[in-house]
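Visitor: Dropping a structure here in structure tokens format, bear with me for questions.
The values are calculated or read from the model by the stated rules, or taken from the named source; none is laboratory data. Given the structure is predicted, the values throughout are model-derived calculations rather than measurements. When we count neighbours, we look across all protein chains shown, and the Cβ atoms used for this are built from the backbone with ideal geometry, even at glycine. Side chains included, ligands, DNA and RNA excluded: accessible areas come from the protein's heavy atoms. Shrake-Rupley method; radii C 1.70, N 1.55, O 1.52, S 1.80 Å.
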Amino acid sequence: MTNQQDSMHACPACGLLCDDISGDAIARQQFSCGKAAKFYARVTTGVSPQVAGQPASLAEAVKAAAAALKQASAPLVAGSSTDVHGARALVSLAQQTGAAMTHINASSTLRNMKVLQHRGWQTTTLTEVRNRADVILMIGTDVVSHNTRFFDRVVWVDEAMFTEPAARKIIYLGGDKLSTKPGVSPDGRAPEVIACASEHLPEVVAMLRALVMDKPVTATTVAGVAVSTLKSLAETLKAAKYATLVWVSKDLHYDHAELTIENITETVVALNQKSRAMGLSMGGSDGDTSVNYAHTWLNGVIIDAPEWESHDAVVWVNSYSPQAMPPAGTAPVIVLGAPDSTFAAAPAVFIPVATPGLDCNGQQFRVDGSVTLPLTAAKPTDLPTLTQVVAMIEAQLKGDLA
């Protein structure tokens, strides 16, 4: 049974948070996005808490979780796949137990955060891209592997305030196994594809930045890409009224990828000396934008990547990725997670919690960080929320529960 079949839902299956999902579509399981279909098809009922793989009451599981945390000298809150409210609860738990905190996407998020911290950047929002962008350069990514409806919702729209959407120029620069078909315009124009392997993007993007800055270049090729092709690309970006340079940090998965991101954002800075351009970081999943923001405003620092070997207990939250678990050998693990979690080995404690946007209401930041959207329970259940379970564990730790 869905909640109010005529109501609209924001889908948290990816960072786009598409807010045009009707209750009727959920009831009928009719979606234009595979991620949404998979998310709303999840079955999260009929699951009970467990202690050491055996069924337990919620009170028994909470008591066992608190006992494990009391014995730990260096606990870790990880996974952290949740919404804003869940993130606030996890920060509170980490502060009370002296735990470090990380997120399932922390490694890729840090690639962006290093650039933002060290250099700053000029980025835009999905709404601005929708209304203004006339040239969109996708660097090392097709975006749709992460945000399936990016072109439907942002690029090939029916109308825009300051440009003709159907006339946009789409360019792909580098990347592996890209799906470029969504970049074909409504009138059939193919996108421009400048091919190079992701591992060569550091050299290619650095050259593009140099060309945009009118630096003298004597080389004829870089990483197999003709410099003349990159010169043409640089001129296209300079001539654009609103060029948008798009990347997904998860797709730049090589050492020191933050330097490539910095070259992208500094190319934007160079373009803005004489024209107008903006960066746009896409991707986003498992509430990573929301959790990083909440962690930053509550702790004053960004979320960090995990150092598993430094911790002797892990609280694992996997609301949006039920198949995800900590590395093998991590113990003890306290899972406050999706009811449909899958385990290779039974965790020390498993407490199923409601997933925001599926079992309960919630709130998330969109991937561009410009807005928060409410998440409405699509299939309400009586599962406790993450906030409620964390509050019970904290009360147990304080001795407020028997």
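Visitor: From the helices alone, meaning DSSP H stretches of at least four residues, give me the mean residue ellipticity at 222 nm for the chain, per-run term -39500 (n - 2.57), in deg cm²/dmol to the nearest 500.
Guide: -9500 deg cm²/dmol, from helical runs alone.
Visitor: How far is helix 106-118 tilted, in degrees, relative to the longest principal axis of the Cα atoms in the chain, given as a value from 0 to 90 rounded to the nearest 10?
Guide: For 106-118 against the chain, the angle is about 60 degrees.
Visitor: Please report, as a whole percent, how much of the solvent-accessible surface of the range 263-402 comes from carbon and sulfur atoms (probe radius 1.4 Å).
Guide: 53
Visitor: Another question, if that's okay. Have a look at the DSSP beta bridges in the range 312-402 and tell me what percent are antiparallel, nearest 5.
Guide: Here the share of antiparallel DSSP bridges comes out near 35 percent.
Visitor: About the Cα centre of the chain, what is the dipole size in debye to 20, counting +1 per Lys and Arg Cβ and -1 per Asp and Glu Cβ, all else neutral?
Guide: Using only the charged Cβ atoms, the result is roughly 540 debye.
Visitor: Using 0.36 nm times the number of residues separating Gln71 and Met8, minus their current alpha carbon distance, what extension gain do you get?
Guide: On the way: separation 63, 0.36 × 63 = 22.68 nm, distance 4.54 nm.
That works out to 18.1 nm of additional length.
Visitor: Which whole-number percent of Cα pairs in the range 313-402 have a distance greater than 23 Å?
Guide: Counting pairs separated by more than 23 Å, the tail of P(r) holds 33 percent.
Visitor: Here's another thing I want to ask about it. Quick one: P(r) of the range 265-377 from all Cα-Cα pairs, 5 Å bins, percents rounded to integers, in order of increasing distance.
Guide: 2, 10, 14, 17, 18, 15, 10, 5, 4, 3, 2, 0
Visitor: Still on this structure, I have one more. Angle check, please: helix 227-239 long axis (alpha carbons) against the longest principal axis of the chain (alpha carbons), in degrees 0 to 90, nearest 10.
Guide: 80
Visitor: Can you tell me which of 95-104, 80-89 comes out highest on packing, and rank the rest after it, using the mean Cβ neighbours within 10 Å?
Guide: Sorting 95-104, 80-89 by mean packing, highest first, produces 80-89, 95-104.
Visitor: With +1 on each Lys and Arg Cβ and -1 on each Asp and Glu Cβ, and nothing else charged, work out how big the dipole of the range 48-170 is about its Cα centre, in Debye to the nearest 20.
Guide: It works out to roughly 460 debye.
Visitor: Further question on the same structure: Enter the angle in degrees (range 0 to 90, nearest 10) between the Cα long axis of helix 288-299 and the first principal axis of the Cα atoms of the chain, meaning the one along which they spread out most.
Guide: 70
Visitor: Continuing with the same structure: Can you give the direction-averaged projected area of the convex hull of the alpha-carbon atoms in the range 97-206, in nm²?
Guide: Mean projected area for the range 97-206: 9.4 nm², to one decimal.
Visitor: Same structure again: What are the principal axis extents of the Cα atoms in the chain, in Å, biggest first?
Guide: 73, 48, 33
Visitor: Let me ask something else. Which pairs break 32 Å Cα to Cα here: Lys38/Lys241; Lys70/Lys114; Lys114/Lys379; Lys35/Lys169?
Guide: Lys38/Lys241; Lys70/Lys114; Lys114/Lys379
Visitor: Another question, if that's okay. Hey, can you rank 323-329, 244-250 by average C-beta count inside 10 Å, highest first?
Guide: 244-250, 323-329
Visitor: Can you tell me what share of the DSSP beta bridges in the chain is antiparallel? A percent to the nearest 5 is fine.
Guide: 25
Visitor: Follow-up question, since we're still on this one. In whole percent, how big is the carbon plus sulfur part of the accessible area of the range 1-150, probe 1.4 Å, protein atoms only?
Guide: Exposed carbon and sulfur together represent 47 percent of the surface.
Visitor: Right, next: Take every Cα-Cα pair in the range 331-379 and report what % of them are more than 13 Å apart.
Guide: When all Cα pairs of the range 331-379 are counted, 65 percent exceed 13 Å.
Visitor: Accessible area per residue of the chain at 1.4 Å probe, in Å²? Numbers along the way, then the final one.
Guide: Values: 17100 Å² over 402 residues.
Using a 1.4 Å probe on heavy atoms only, each residue of the chain averages 43 Å².
Visitor: What percent of all Cα-Cα pairs in the range 1-70 falls in each 5 Å bin, counting up from 0?
Guide: 3, 15, 19, 14, 8, 9, 14, 14, 5, 0
Visitor: Would you work out if the range 1-135 is rounded, prolate or oblate? Take a ≥ b ≥ c from the square roots of the eigenvalues of the alpha-carbon gyration tensor; rounded if a/c is under 1.5, else prolate when a/b is larger than b/c, oblate otherwise.
Guide: Oblate is the answer for the range 1-135, as a/c is 1.5 or above yet b/c matches or exceeds a/b.
Visitor: Which one, Ser281, Ala270, Trp156, is farthest towards the positive end of the dipole of the chain when Lys and Arg carry +1 and Asp and Glu -1 on their Cβ?
Guide: Highest projection toward the positive end goes to Ala270.
Visitor: Can you list, bin by bin at 5 Å, the percent of alpha carbon pairs in the range 180-296, starting at 0?
Guide: Result returned by the calculation: 2, 10, 17, 20, 22, 15, 8, 4, 2, 0.
Visitor: If you stretched the chain out fully between Met161 and Val301, how much longer would it get, using 0.36 nm times the residue separation minus the C-alpha to C-alpha distance?
Guide: Gain in length upon complete extension: 46.7 nm.
Visitor: Would you mind computing Rg(Cα) / (2.2 N^0.38 Å) for the range 206-251, counting N as its residues?
Guide: Dividing the Cα radius of gyration by 2.2 N^0.38 Å gives 1.24.
Visitor: Label-point separation (nm) for Asn272 and Gln323, each offset 7 Å from Cα along Cα-to-Cβ?
Guide: So the two model labels end up 4.0 nm from each other.
Visitor: Rounded to whole Å and sorted largest first, list the principal axis extents of the Cα atoms in the range 64-124.
Guide: For the range 64-124, the Cα extents along the three principal axes come out at 47, 23, 17 Å.
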